[in-house]
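The next block holds one structure in the form of C-alpha cells; read it before the comments.
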Amino acid sequence: MSRPQLLDLFSGAGGAAVGYHRAGFDVVGVDIAPQPRYPFEFVRADALEFLAAWQHGERLPMPGGGLWREDFAAIHASPPCPGYSVQGGDHPLLIEPVRELLEQSGLPYVIENIPDARKAMRAPTTLCGSSFGLRVRRHRLFETNWPLMAPPCAHGLQRSNPHRMRAPYTPPANAIVPVYGGGQVGFPVAVCRDAMGIDWMTTDELKDAIPPAYTELIGAQLLVHLRARQTA
Ligand SMILES: C[S@@+](CC[C@H](N)C(=O)[O-])C[C@H]1O[C@@H](n2cnc3c(N)ncnc32)[C@H](O)[C@@H]1O
C-alpha cells in the first residue's frame, strides 16, 4: 500500500501530524490560525466549515492544486480544549459537532482532547508521556471509531510532580517538565522541546501540542486497521 493520506484538523504546529507521518501517512493540516512551522501541506480554514464543504463534494484547495475527499484514508481532529477545562470560561465546545461530521465521512477517525473533556468523549483511550520515555505526563484522551490499544502509564520511571516544580530549576534527567500554560516559565524552550520530543516549535506552540510519539503509536495501529478494511 502506498502512503495513505490523513487529514489533520485543528492541526496547530503539527505535533500530531509528525507522529502520523512517522507511522507512514502523508498528512494535510487545517487550522484557523496561520501555522508557519507546520511541516506538511497546510490549509488555513475553519475546520468545521471546511469539513462540511468537503463532505458535500467540494475540492480541498491546496497550494499545488486540490484534493478530493476520496483521496483521504482517515481523519484526526484536536478541537480546542479550553471549553472543556475545569477552569471553564466562554469557549466553543466543538467535540460533538466535529464528531457528527466525522461520522458522516465514513472514514476511520481520531478525536483528541484533555482529560477534563472525558464526559464529552465516547470511550476514549488515554495516552501518557511516561509510556514513551518522555519527560511529560500530558495525559490525552483519544476517541476512535476503530479499536485502539494503549500502553499503561509508567509514572514510576519519572521523578517529581510537575506542580511542585518551580523555576529557576534545572530538572534532573528523568524529571517531568511542565509544558503547559504558564507552567514552563523559566524552563528553556530547548528543555521543553526535548521533554515533548518536538524540535521545531515555539514555547506557545508546544503547550498546545501532542507529543508525536502518541500519534506514531496511533498511526501504526490505524494502518493495520486500514489494511484489514482493504482485505475484508
Ligand atoms: C490543541 S491545538 C492543536 C494541537 C495539534 N494537534 C498538535 O499536536 O500540535 C488546537 C488548534 O485548534 C485551532 N483552532 C481553534 N478553532 C479552530 C477552528 N474553528 N477551525 C480550525 N482550527 C481551529 C487553534 O488555532 C489551535 O491551533
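Calculate, for Leu93 and Arg227, the FRET efficiency according to 1/(1 + (r/R0)^6) with r their C-beta to C-beta distance and R0 25 Å; round to the nearest 0.05.
Working: r = 35 Å, r/R0 = 1.39.
The formula returns an efficiency of 0.10 here.
In what sequence, highest mean first, do 24-35, 97-108 appear when ranked by Cβ atoms within 10 angstrom? Working shown, then result.
Working: 24-35: 19.2, 97-108: 16.2.
Packing order, densest peptide first, comes out as 24-35, 97-108.
Please give the per residue accessible area of the chain, computed with a probe of 1.4 Å over protein heavy atoms only, in Å².
Numbers: 11120 Å² over 232 residues.
The answer is 48 Å² per residue.
Net charge around Leu157, counting only other residues with Cβ within less than 13 Å of its Cβ (Lys, Arg = +1; Asp, Glu = -1)?
So the surrounding residues net to +3.
Do any cysteines of the chain lack a neighbour Cys whose Cβ is under 4.7 Å away, and which are they?
Result for the chain is Cys81, Cys192, no neighbouring Cys Cβ within the cutoff.
Between Ala123 and His56, with labels modelled 7 Å along Cα→Cβ, what's the label distance in nm to one decimal, could you check?
Label at Ala123, label at His56, 3.3 nm between them.
Relative contact order for the chain using alpha-carbon pairs under 8 Å, separation at least 6, rounded to a whole percent?
Relative contact order, the chain: 20 percent.
What is the extension gain from Arg44 to Ser2, computed as 0.36 nm multiplied by their sequence separation minus the C-alpha to C-alpha distance, in nm to one decimal?
Between Arg44 and Ser2, full extension yields 12.5 nm more.
Rounded to the nearest Å, what's the spacing between the alpha carbon centres of region 122-142 and region 1-46? Just the number, please.
Computed from Cα coordinates, the inter-centre distance equals 20 Å.
Take every DSSP beta bridge with both residues inside the chain and express the antiparallel ones as a percent of the total, to the nearest 5.
35 percent
What FRET efficiency would be calculated for the residue pair Ala175, Asp199, taking the C-beta separation as r and a Förster radius of 22 Å, to the nearest 0.05? Before the final figure, lay out each step's value.
On the way: r = 20 Å, r/R0 = 0.90.
My answer for the efficiency is 0.65.
Please report, as a whole percent, how much of the solvent-accessible surface of region 1-129 comes from carbon and sulfur atoms (probe radius 1.4 Å).
Carbon and sulfur together cover 51 percent of it.
Round to the nearest 0.05 the FRET efficiency obtained for Trp146 and Ala190 when R0 = 41 Å and r is the Cβ-Cβ distance. Don't jump to the answer; show the numbers that get you there.
Working: r = 37 Å, r/R0 = 0.90.
According to the calculation, E is roughly 0.65.
Give me the dipole magnitude in Debye, nearest 20, for region 67-125 about the Cα centre, with unit charges on the beta carbon: positive for Lys and Arg, negative for Asp and Glu. The partial results should precede the final answer.
Working: 5 positive and 8 negative charges, 41 e Å.
Here the size comes out at about 200 debye.
Please compute the contact order of region 74-137 in relative form: average sequence separation of alpha-carbon pairs under 8 Å and at least six residues apart, divided by the residue count, as a percent.
36 percent
With springs only between Cα atoms under 10 Å, which of Met201, Met149, Met121 fluctuates most in a Gaussian network model of the chain?
Residue with maximal mean-square fluctuation among Met201, Met149, Met121: Met149.
Quote the charge dipole size of the chain about the Cα centre in Debye, to the nearest 20; the model charges only the Cβ of Lys and Arg (+1) and of Asp and Glu (-1).
940 debye
Label Glu100 and His155 with points 7 Å out from Cα along Cα→Cβ: what is the distance between them in nm?
3.7 nm
Counting only C-alpha contacts under 8 Å and six or more residues apart, can you give the relative contact order of region 1-117 as a whole percent?
24 percent
Once you have the alpha carbon radius of gyration of region 1-120, what is it after dividing by 2.2 N^0.38 Å, with N set to its residue count? Intermediate results must be reported in sequence, preceding the final value.
Working: Rg = 14.1 Å, N = 120, 2.2 N^0.38 = 13.6 Å.
Expressed relative to 2.2 N^0.38 Å, the Cα Rg reads 1.04.
Based on the inverse mean of 1/r over its pairs of different Cα atoms, what is the Kirkwood hydrodynamic radius of the chain, in Å?
About 18.2 Å for the chain.
The values are calculated or read from the model by the stated rules, or taken from the named source; none is laboratory data. Note that the structure is a prediction, hence the values are computed from the model and not measured. Glycine also receives a Cβ, built like all others from the backbone with ideal geometry; neighbour counts cover every protein chain displayed. Protein only, heavy atoms only, side chains kept; ligands, DNA and RNA dropped before computing areas. Shrake-Rupley method; radii C 1.70, N 1.55, O 1.52, S 1.80 Å.
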